[in-house]
1. May I ask you to derive the FRET efficiency for V115 and V11 from their Cβ-Cβ distance with R0 = 45 Å, giving the value to the nearest 0.05?
2. What's the FRET efficiency of E35 with Q187 using the Cβ-Cβ distance as r and R₀ = 51 Å, to the nearest 0.05?
Amino acid sequence: MPKKPAWNDRVRYVGDPERERLHLQSEFLAILRAECPDVLNDLGATVLPLWRVASSTLRGFAEEWKEKATKELSPYSGCLNPYEAATQVSSHSQVPECRAARSALEAWLKKNNLVAGGVWDWAAATLRGWVVSEANLPEGQLPQLFFAPLYPDPLERAPSEPIVAWDPQNEALGEFRKRVNRHVRQQQTWAREQGLRPVRESRSRSGRTLRDRLAWVVLHRVLAWSYEAIAAKEKDLDRAIPHGSSVRESVVALEAELGFQRKG
């Protein structure tokens, strides 16, 4: 019988790594919105006008889609699709307004060093939300909306039989510990049967939480801070770290998980 892998008691176990990736993206985007409001404002100023025109143009095609052959008009349907479809659309004869909207969004992503599928999808969802809701707002006012990525359907919940509290008057401590250990083994067996796997470690490291380290990514990518400048900022907060290489290690690892293209 193959030996069971050791249980990592420092992390959670999940059945869908995609869920964890989306959670990481949500945390990053929340920090981006809080730390760099000008980036969000720029999305509204430079991309939204073109997105608004493209959306209006597509709505005008709605009846044609119903009446004409799918083969004739289907290439247009990808013009404002999520990031995964972007490379497929370029070979089609696109609606000019949609091509301009996509180009503007791509330019915004590149300007802010945010080229990644998750950021594209979030930005596109935000733009769609603005287009839908702005009709009910005063002229020139943008709704400050944030659309987190959608999570996959929830997995089956783990068994949740409660453990009866220890009563020193009626149970020896050793017997109580046996019950606790038995419960842990049962949950571990269930997790393995479900195919759950350990996630990346997100606990604090040297006093830095995952959100702290994601903030480093924002500072480095969007605001062009050097690793050494981020380290110096940490020292100013009485959270000294040895040198910028510690920051670099965290930033590079998180950028890869977020799907970012490495800066040159």
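Laboratory data are not the source of any read-out in this text; all were calculated from the coordinates shown. This is a predicted model, so every value here is computed, not measured. Because the Cβ atoms are built from the backbone with ideal geometry, glycine has one as well, and the counts that use them run over all protein chains shown.
1. The pair V115/V11 has a calculated efficiency of 0.95.
2. 0.85
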